[in-house]
């Protein structure tokens with residue numbers, strides 16, 4: 001009989017309807033709705049509502065706050081090796097943990113040190129790095145660092161210690177090079193799932209001479225969450241919690257120099273992006289050069305691409321920053337800078 | 001008691017032992033259930049993941065807002081945690097509460113500036129991150145019950161139900177002049193029409209049954225509705241047959257039963273058209289309505305077939321037309337203003353039962369009419385012609 005139409009059927013039916021306009025003419029009144037022409041805009045269009053969540057996640061229970069993640073750098077335990085080389089030692093463990101991603105929805109995450117993203121590991125070029133990794137979760141995991149290091153320190157299943165079994169430990173050890181902004185993540189297979197579950201973090205190697213001083217340094221790790229496990233992201237965010245910097249704008253001052261370490265580790269979608277409102281920034285791809293490659297207000301990154309942004313605000317006020325894949329923006333990857341005079 | 005037990009002459013009397021044996025299984029059953037609930041009976045039945053089922057039964061669009069009427073069709077409470085519209089997370093409110101008990105209903109309200117004529121996909125996430133989706137194929141303000149929309153739905157019902165059935169009735173005087181063989185043919189055509197309509201109604205009922213919340217067992221409702229109606233009508237007709245009524249009176253009541261069956265079928269059509277209108281699918285309406293008029297004119301024919309040799313009053317004819325066509329208006333109202341899958345399934349199931357019972361009655365009538373002068377191929381061609389008639393006119397609608 002009169003089947004309920006899907007949109008596709010509906011469109012086909014609309015074409016049939018045009019053929020049937022002879023019939024429609026017989027019934028002028030009934031035919032009014034039978035148009036396949038574009039509809040007019042509604043006259044009551046207003047711009048009031050904005051996407052967002054109701055309420056706020058429990059940061060205390062989550063064990064981390066995205067605002068704190070912005071400025072939380074782990075420099076490790078520092079000592080000096082006999083040859084004079086600086087040694088930095090870090091402790092990282094993988095933990096299964098439920099994280100409240102959006103109010104009311106807990107995601108059964110896998111984390112490094114109980115947070116998403118994992119600790120921002122920071123060192124200087126030429127330092128010797130030791131990462132004491134212990135697998136406190138119920139699955140085999142690893143830590144794969146982007147950078148230059150020997151094969152057995154690559155953290156993949158096929159070389160060195162391979163995957164670290166639950167309860168086991170391993171120390172990843174190498175000299176930090178090259179300077180730049182990098183990242184690390186679990187490299188167990190299926191890789192997409194291990195990354196999407198939360199096993200990633202930023203890895204900063206400062207140049208020996210350092211970068212020019214700025215007033216604020218902020219870490220932003222872009223990712224998404226597939227809460228219903230259909231290999232498509234349901235929510236997007238910077239530092240894990242969607243809309244967090246909407247609800248809690250990042251406060252800076254007019255004229256302050258801001259440096260953002262931006263990392264994209266988004267699974268399932270091909271690209272991610274960052275757009276800054278009412279401003280332009282110098283962009284240093286991968287942070288491997290001290291000379292900016294571009295002066296822009298939007299950058300695009302595929303998974304594992306990263307770069308450093310430097311800017312300052314000329315006027316006080318509130319300014320959005322968000323993925324200019326606007327779909328991601330409305331699903332959580334949106335925030336604000338609150339620029340104080 | 002002692003002498004009762006000793007008395008072999010009354011072995012079937014109800015005594016304490018019988019009572020005990022009657023009650024004992026129930027007591028033991030209660031005990032088993034209690035034991036099972038308290039200990040789990042040695043089975044480990046805790047679900048690895050929560051089982052949730054939320055049916056989005058209806059969407060109501062008003063300027064600047066979308067309301068979703070949802071029903072918890074799962075075995076446990078469902079809590080709505082987030083609402084996503086076309087790849088955007090939107091603030092929402094739920095009344096009476098975001099936590100919805102089993103089989104209860106709630107309304108999710110989202111302030112959203114939807115645009116006329118565009119399509120929207122809506123997903124509600126439960127607290128356990130299970131998504132429940134619906135789609136709004138064509139957005140437009142959902143008709144609210146007022147005098148204007150009421151009149152539009154009435155008109156739709158008039159066009160698809162009442163008018164065509166009455167048009168069919170106008171053939172009455174001409175058909176009265178037909179000979180016996182032609183009347184049998186007409187009855188057979190009616191049976192064919194009804195078989196086709198019955199299958200159509202049944203398939204619609206079964207399809208709709210999928211939209212009924214699982215605990216209400218849509219398919220079961222179809223069975224109950226159809227079988228109960230069939231046997232109720234059968235019982236009524238048997239009582240009439242044995243009540244000493246004349247054959248003419250019995251044929252008249254058969255005509256009324258056909259009208260009732262067709263009326264229930266048209267109620268189903270009205271429901272579907274009203275519901276389609278409600279979600280904007282009536283864009284193909286004008287053509288559809290023309291098709292219905294052509295198809296349903298044959299229904300009027302079916303109603304009068306049994307009484308062609310009699311002289312039913314104008315009043316009877318008018319009433320039959322109303323019973324056969326009027327329900328389309330009622331269906332359009334219900335479908336348009338308060339679509340409800342469970343109710344629709346029940347109506348359609350009752351329609352199925354009624355139509356097939358009427359086919360059975362017509363079969364009896366044909367048998368009586370052809371008892372002295374068999375005309376097997378008249379019956380055969382009539383039935384096939386009736387079915388083909390609806391199939392061909394159906395080409396206009398599908």
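A few remarks follow.
- Contacts under 6 angstrom Cβ, first residue in the stretch B:137-159 being away from every other protein chain (no Cβ under 13 Å), partner crowded, with 16+ Cβ neighbours inside 10 Å, 6 or more apart: B:142/B:60; B:142/B:61; B:145/B:337
- Residue in the stretch B:164-185 that is touching a residue at least 12 places away in the same chain (Cβ under 8 Å), within 14 Å of chain A (Cβ to nearest Cβ) and either part of a helix (DSSP H, G or I) or within 30 Å of residue B:74 (Cα to Cα) (or both) present: yes
- Any hit, the stretch B:309-322, residues being at pLDDT 75 or above and either farther than 29 Å from residue B:177 by Cβ or crowded, with 22+ Cβ neighbours inside 10 Å (or both): yes
- Of all positions in the stretch B:46-69, at least one carries a residue that is away from chain A (no Cβ under 14 Å) and more than 30 Å from residue B:89 (Cα to Cα).
- Of the listed requirements (1) more than 17 Å from the chain's Cα centre (by Cα); (2) farther than 18 Å from residue A:75 by Cβ; (3) part of a loop (DSSP other than H, G, I, E, B), residue A:198 misses just one: (1).
- Condition check for residue A:162: assigned to a loop (DSSP other than H, G, I, E, B) and surrounded by 18 or more Cβ atoms within 10 Å (Cβ to Cβ): no
- Checked against the criterion of being more than 31 Å from the chain's Cα centre (by Cα) and either within 14 Å of another protein chain (Cβ to nearest Cβ) or more than 24 Å from residue B:216 (Cα to Cα) (or both), the candidates B:117, B:88 yield just one match: B:88.
- Listed by position, the strands (runs of 3 or more DSSP E) inside the stretch A:55-157 whose residues that are surrounded by 22 or more Cβ atoms within 10 Å (Cβ to Cβ) and over 17 Å from the mean Cα position of the chain (by Cα) number at least 1 are A:86-102, A:105-112, A:120-124, A:128-135.
- Out of A:202, A:196, A:237, sole residue that is in contact with a helix residue (DSSP H, G or I) (Cβ under 8 Å, 6 or more places away or on another chain) and under 25 Å from residue A:113 (Cα atoms): A:237
- Test for residue B:140: is it crowded, with 16+ Cβ neighbours inside 10 Å and under 30 Å from residue A:234 (Cβ atoms): yes
- Test: residue in the stretch B:30-40 that is part of a loop (DSSP other than H, G, I, E, B), surrounded by 10 or more Cβ atoms within 10 Å (Cβ to Cβ) and more than 33 Å from the chain's Cα centre (by Cα): no
- So residue B:190, is it farther than 22 Å from residue B:359 by Cα, in a helix (DSSP H, G or I) and either without any contact (Cβ under 8 Å) to a residue 60 or more places away in the chain or in contact with a helix residue (DSSP H, G or I) (Cβ under 8 Å, 6 or more places away or on another chain) (or both): no
- From the list B:382, B:351, B:386, the lone residue that is under 30 Å from residue B:219 (Cα atoms), touching a helix residue (DSSP H, G or I) at 6+ places or on another chain (Cβ under 7 Å), assigned to a helix (DSSP H, G or I) and at pLDDT 85 or above is B:386.
- Of all residues in the stretch A:214-235, those satisfying the criterion of being surrounded by fewer than 22 Cβ atoms within 10 Å (Cβ to Cβ), farther than 13 Å from residue A:267 by Cα and touching a residue at least 12 places away in the same chain (Cβ under 8 Å) are A:214, A:215, A:216, A:217, A:218.
- Looking at B:104, B:133, B:95, just one residue is more than 18 Å from residue A:332 (Cα to Cα), without any contact (Cβ under 8 Å) to a residue 24 or more places away in the chain and more than 8 Å from every other protein chain (Cβ to nearest Cβ), and that residue is B:95.
- Test: residue in the stretch B:234-241 that is surrounded by fewer than 21 Cβ atoms within 10 Å (Cβ to Cβ), in contact (Cβ under 8 Å) with a residue 24 or more places away in the chain, in a helix (DSSP H, G or I) and more than 14 Å from chain A (Cβ to nearest Cβ): yes
- Only one entry of A:262, A:270 meets the criterion of being within 14 Å of residue A:303 (Cβ to Cβ), in contact (Cβ under 8 Å) with a residue 12 or more places away in the chain and surrounded by fewer than 17 Cβ atoms within 10 Å (Cβ to Cβ), and that entry is A:270.
- For the stretch B:76-85, the set of residues classified as more than 13 Å from chain A (Cβ to nearest Cβ) and buried (at least 20 other Cβ atoms within 10 Å of the Cβ) is empty.
- Filtered by the rule that a residue be in a helix (DSSP H, G or I) and over 11 Å from residue B:343 (Cα atoms), the stretch B:203-215 gives B:203, B:204, B:206, B:207, B:214, B:215.
- Inspection of the stretch B:246-258 finds no residue satisfying the criterion of being touching a helix residue (DSSP H, G or I) at 6+ places or on another chain (Cβ under 9 Å), within 14 Å of another protein chain (Cβ to nearest Cβ) and surrounded by fewer than 23 Cβ atoms within 10 Å (Cβ to Cβ).
The values are calculated or read from the model by the stated rules, or taken from the named source; none is laboratory data. In this text, all values refer to a predicted model and were calculated from it rather than measured experimentally. Virtual Cβ from ideal backbone geometry, glycine too; neighbours counted across all protein chains shown.
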